[in-house]
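K.L.:
This is the structure I want to talk about, given as structure tokens.
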């Protein structure tokens with residue numbers, strides 16, 4: 001059962017999403033679904049630019065104040081773990097765990113400032129993979145950041161299959177980033193799922209992106225349903 005006490009909220013920024021998923025100006029005009037977005041600034045940023053976006057995450061069953069409190073409680077522990085595992089990260093754009101903390105805090109402040117209004121407008125939906133409450137083809141593009149493949153040790157192969165299939169049910173194109181797990185290893189499910197999808201008539205690309213913070217984590221999977 002999902003509970004707030006088990007969540008470790010850590011949100012990425014709108015700009016990072018643009019880099020993760022190589023989102024073009026044309027992409028940003030599409031109806032976009034963000035899966036497992038958590039407290040990311042993507043929805044707030046794209047909405048401010050006039051885009052159409054829905055984020056889904058079980059976190060969104062909680063209030064702004066509950067999420068804010070949980071973020072504050074988790075931040076010191078997260079940064080301590082980052083410091084202990086500095087070797088797993090690339091310190092080029094972000095130069096220190098402290099600077100990373102500022103990046104993440106800025107993204108999560110954007111999320112929190114937008115959250116309650118976004119919930120009222122239906123832009124933040126309390127839902128979780130692998131079962132989404134949306135009609136077939138409801139979106140043009142579905143993206144998933146730091147969830148599928150990233151938690152390969154926690155989420156089994158069957159979960160990954162169902163989750164990707166569900167995203168492809170609601171959107172003809174899916175992009176997933178990164179393709180490594182929490183330890184910076186290429187997910188053991190990456191090539192298995194890619195081969196199965198290709199056998200079932202989907203186009204699958206492993207695309208290098210202009211962003212790397214986790215060592216080896218600068219690739220994104222792009223899946224397109226062929227008509």
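K.L.:
Checking residue 117 against (1) in a helix (DSSP H, G or I); (2) in contact with a helix residue (DSSP H, G or I) (Cβ under 6 Å, 6 or more places away or on another chain); (3) closer than 16 Å to residue 53 by Cα: exactly one of these is not met. Which one?
P.N.:
Only one criterion in (1) in a helix (DSSP H, G or I); (2) in contact with a helix residue (DSSP H, G or I) (Cβ under 6 Å, 6 or more places away or on another chain); (3) closer than 16 Å to residue 53 by Cα is unmet by residue 117, namely (2).
K.L.:
Could you tell me how many of the residues in segment 165-200 are farther than 30 Å from residue 87 by Cα and either part of a strand (DSSP E or B) or in contact with a strand residue (DSSP E or B) (Cβ under 8 Å, 6 or more places away or on another chain) (or both)?
P.N.:
10
K.L.:
Would you pick out the residues in segment 4-19 that are farther than 17 Å from residue 49 by Cβ and either free of Cβ contacts under 8 Å to residues at least 12 places away in the same chain or not in a loop (DSSP other than H, G, I, E, B) (or both)?
P.N.:
Result: 4, 5, 6.
K.L.:
Taking segment 7-32, which residues are under 20 Å from residue 133 (Cβ atoms) and surrounded by 24 or more Cβ atoms within 10 Å (Cβ to Cβ)?
P.N.:
The answer is 32, and nothing else.
Condition check ((1) closer than 27 Å to residue 13 by Cβ; (2) in contact with a strand residue (DSSP E or B) (Cβ under 6 Å, 6 or more places away or on another chain); (3) at pLDDT below 95; (4) surrounded by 16 or more Cβ atoms within 10 Å (Cβ to Cβ)) across all residues:
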residue: 137; (1), (2), (3), (4): no, no, no, no
residue: 148; (1), (2), (3), (4): yes, yes, no, yes
residue: 157; (1), (2), (3), (4): no, no, no, no
residue: 163; (1), (2), (3), (4): yes, no, no, yes
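K.L.:
Follow-up question, since we're still on this one. Do we have residue 45 as over 19 Å from the mean Cα position of the chain (by Cα) and modelled with pLDDT of 95 or more here?
P.N.:
In short, no.
K.L.:
Further question: Tell me which residues, restricted to segment 56-99, are closer than 19 Å to residue 41 by Cα, in contact with a strand residue (DSSP E or B) (Cβ under 8 Å, 6 or more places away or on another chain) and either loosely packed, with under 15 Cβ neighbours inside 10 Å or free of Cβ contacts under 8 Å to residues at least 24 places away in the same chain (or both).
P.N.:
Answer for segment 56-99, where residues must be closer than 19 Å to residue 41 by Cα, in contact with a strand residue (DSSP E or B) (Cβ under 8 Å, 6 or more places away or on another chain) and either loosely packed, with under 15 Cβ neighbours inside 10 Å or free of Cβ contacts under 8 Å to residues at least 24 places away in the same chain (or both): there is none.
K.L.:
Check off (1) assigned to a strand (DSSP E or B); (2) within 24 Å of residue 43 (Cα to Cα); (3) free of Cβ contacts under 8 Å to residues at least 40 places away in the same chain for residue 205 and give me the number that stays unchecked.
P.N.:
Residue 205 satisfies every listed condition except (2).
K.L.:
Still on this structure, I have one more. In segment 41-55, which residues are touching a residue at least 60 places away in the same chain (Cβ under 8 Å), touching a strand residue (DSSP E or B) at 6+ places or on another chain (Cβ under 8 Å) and not in a helix (DSSP H, G or I)?
P.N.:
Answer for segment 41-55, where residues must be touching a residue at least 60 places away in the same chain (Cβ under 8 Å), touching a strand residue (DSSP E or B) at 6+ places or on another chain (Cβ under 8 Å) and not in a helix (DSSP H, G or I): 53, 54, 55.
The values are calculated or read from the model by the stated rules, or taken from the named source; none is laboratory data. Not measured: the values here are computed from a predicted model. Positions of Cβ are generated from backbone atoms using ideal geometry, with glycine treated the same way; all protein chains shown enter the neighbour counts.
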